[in-house]
1. Say whether the condition of being under 16 Å from the mean Cα position of the chain (by Cα), β-branched (Val, Ile, Thr) and near ligand 1 (Cβ under 10 Å from one of its atoms) is met by at least one residue in the stretch B:28-46.
2. Pull out all pairs, ordered by first then second residue, where Cβ-Cβ is under 9 Å, the residues are six or more apart or on different chains, the first lies in the stretch B:219-238 and is farther than 16 Å from B:Asp356 by Cα, and the second is of a type in the set (Lys, Arg).
3. For the stretch A:158-175, how many residues are within 29 Å of the chain's Cα centre (by Cα) and either among the hydroxyl-bearing types (Ser, Thr, Tyr) or part of a loop (DSSP other than H, G, I, E, B) (or both)?
4. Can you list the strands (runs of 3 or more DSSP E) lying wholly within the stretch B:173-275 that have 3 or more residues being in contact with a Ser or Thr (Cβ under 8 Å, 6 or more places away or on another chain)?
5. Among the residues of the stretch B:43-51, is any within 12 Å of ligand 2 (Cβ to nearest atom), among the basic types (Lys, Arg) and open to solvent by 50 Å² or more (accessible area, probe 1.4 Å)?
6. Could you check how many residues of the stretch B:1-45 are touching a helix residue (DSSP H, G or I) at 6+ places or on another chain (Cβ under 6 Å) and of a type in the set (Gly, Ala, Ser)?
7. Tally the residues that are within 16 Å of A:Tyr185 (Cβ to Cβ), touching a helix residue (DSSP H, G or I) at 6+ places or on another chain (Cβ under 9 Å) and not β-branched (Val, Ile, Thr), restricting the search to the stretch A:105-125.
8. Select from the stretch A:77-96 the residues that are in contact with a helix residue (DSSP H, G or I) (Cβ under 7 Å, 6 or more places away or on another chain) and closer than 18 Å to A:Thr173 by Cβ and write down the one among them that is surrounded by the fewest Cβ atoms within 10 Å (Cβ to Cβ).
Amino acid sequence: MAGPGTSGGGGGGGWRPLLVPLLMPTWLTIGIFLVLPVALMAVYSFLTKEFRGGVIWDFTLAAYDQFFVDRGLFGDEPPAIEWTYIAIFWRSIWQAGLATLFCLLVGFPTAWFIATRPASQRGVWLFLITIPYWVNLLIRTVSLKFLIRDNGPLNEGLMALGVLDAPVTLVNTNLAVQLGLFYSYLPFMVLPIYAAVERYNFALSEAAADLYASRWVTLREIVIPVVKPGIVAGCILVFVPSLGAFLAPDLLGGAKTFMIGSLIEEQFKGSLGNWPFGAAASMILMTLVLCALMVYARSASQAAGQGAAR
Amino acid sequence: MAAVQDAVDIRNVTKRYGSFTALDGVSLGIADNEFFTLLGPSGCGKTTLLRMIAGFEEITQGEIRLFGDPIAGRDPNHRPVNTVFQHYALFPHMTVRDNVAFGLKMKGMDAASRRARAERMLEMVHLSAFADRMPAQLSGGQQQRVALARALAPEPRVLLLDEPLSALDLKLRQAMRVELKQLQEETGITFIFVTHDQEEALTMSDRIAVMSAGQVQQIGTAREIYEAPVNRFVADFIGETNLIEVEVTRVDGDRAEVVLPGGHRLTCPSASRTGGRHALSIRPERMSVVAEAGADMLAVVERVVYLGTDLQLMVRLEGGAEFHVRLQNSARIAVPEPGARIGLRIEDGAARLLAD
Ligand SMILES: Nc1ncnc2c1ncn2[C@@H]1O[C@H](COP(=O)(O)OP(=O)(O)OP(=O)(O)O)[C@@H](O)[C@H]1O
Ligand SMILES: [Mg+2]
């Protein structure tokens, strides 16, 4: 087949016919585990709900209407904006953003610390970071609740030491949810930043110091911009699952800390659920996240193209 | 000469890493406006010394002064010294122009002036057209020149260069040698240049310090080091030489009389003050082939290697020592055949007795 007529390019080997079979696993994986479920959700969000869970194949916008439009308790009032779910979304974004920030503040120095240890020790530190993740997330979250409840070891210990007079209530507060999210997703921040810092060429820091930059300026002008892909990856990896998390808010928070994840989860649970509504909420969440990522990617590629302007 | 202050004054500096001594009592004075080269084989401590001047490495013992000021304890960003790093260390997220302007920005120069100065520096290294590129979009030689422009832009009083040419190909390396030397003369900045390439050192430097195993072996001009090496190491490391063991019969100040293989006596310059057996260094190109009658040494030709401009004769001396002779290739010389017996004559002053 590889005759004189073969179009130019690489070394002209016979790999071209193999392209499709070789890419098959990738396509299948993406198709079955990504495209199909999302497409299913998209379709479900336009169907009619069945009362004991499930759907009826009648296309309708009812789910989105329920999310955005308020027609009163009996559906007979003039339509107004429904704030309930938007408020839950807003609170979730805020919570997830805060958790991401905390993870970054703790994760960056941690990653830096590990990446600057001698190569022989790094494995041990990384191992220590990942050990808790060998235990199921549910168990860990319950354990955390046990630790911080009013008569748990934390409060009792602090009271025994005389630091506290009365237990501090943490369970069912925003703080507890934050703690849960932070604890759940910290490694997702540490690992990508670690990978970036490990590749960082420390001669760049020396060059900056040589050119009269202080340590702080070197961090701001050289280190952070160079390891930024790792930071961004870490933030995405923490923010996105935090946004959809339901274990930490369910177990550690209360009604006041209700988040999107719990809202969606409830729609698919038991006979009280509403599959199309859960699907619609998922789609809205996904659209939001995708838009945010696209805006970021846009601004990042623009910034890369105009460094000289500074 | 007396009162002129050295730009860099290195006094008895020692550097230890744990129990390993990387530098052992190094003392050097580098004059202002000088192109000074640290030359030595890999691992001899050149980079370590440079890094101590720049402030990246602590001094274990001794003192370094910059224009009379002791600099111990001053951070790198507070020293009037800039470095061209071996692998350039250009900031990958900044354009060429921003790289060059970085030091100026840190010194607090306003945006318009630093832009103008960055342009001027880029012009000097012939890279004006590349100001808006990112470092990754440049060739090795271009990156090297950006690193140079970046280090020169803040007008340091001393520029440190750590093997800046080692990653370039031969042609470019030769061109850059000339450019670097010109740049140093134009700017009047003191250059301290590190290399393990003796040709590089010989062609560019005002003075060279030859280092080995953490110690300075000899300091001098290219000519002094090439023609009057003080010891075996320097003679062997710089250029090509023949080292033969000889018996010293008389020492008279800086001259000595020695017995050559074959029994002839020769009086030559000496770095050694003692009698006994010492190494005699004779450069292969400072020999001529003569009739046996007027010869200093007799030898048998083993191989003749044609090198274009030169001919190399590999011969064996009376007594069995191997010896190289280099002759300029010209139509007038008769090329000896392998196996022929020839006489060798040592040019006046070409042989030198070494201290060990
Ligand atoms: N951080 C360090 N810890 C221990 N030993 C070191 C350290 N840095 C350098 N050395 C040792 O000190 C010696 C001198 O190193 P240096 O980098 O100064 O050599 P160099 O002359 O620059 O060599 P090259 O031409 O290969 O760059 C070497 O033997 C090296 O192994
Ligand atoms: Mg070195």
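1. No - not one qualifying residue is present in the stretch B:28-46.
2. Close Cβ pairs satisfying both conditions: B:Ile219/B:Arg207; B:Gly220/B:Arg207; B:Thr221/B:Arg207; B:Ala222/B:Arg207; B:Glu224/B:Arg207; B:Tyr226/B:Arg283; B:Glu227/B:Arg283; B:Glu227/B:Arg352.
3. So the count comes out to 5.
4. Strands (runs of 3 or more DSSP E) meeting the threshold: B:190-195, B:207-212, B:242-252, B:255-259.
5. Yes - at least one qualifying residue is present in the stretch B:43-51.
6. Matching residues across the stretch B:1-45 total 2.
7. 3
8. This residue is A:Ile88.
The values are calculated or read from the model by the stated rules, or taken from the named source; none is laboratory data. All of these numbers come straight from a predicted model, not from anything done at the bench. Because the Cβ atoms are built from the backbone with ideal geometry, glycine has one as well, and the counts that use them run over all protein chains shown. Heavy atoms of the whole protein, side chains included, go into the accessibility calculation; ligands, DNA and RNA do not. Shrake-Rupley method; radii C 1.70, N 1.55, O 1.52, S 1.80 Å.
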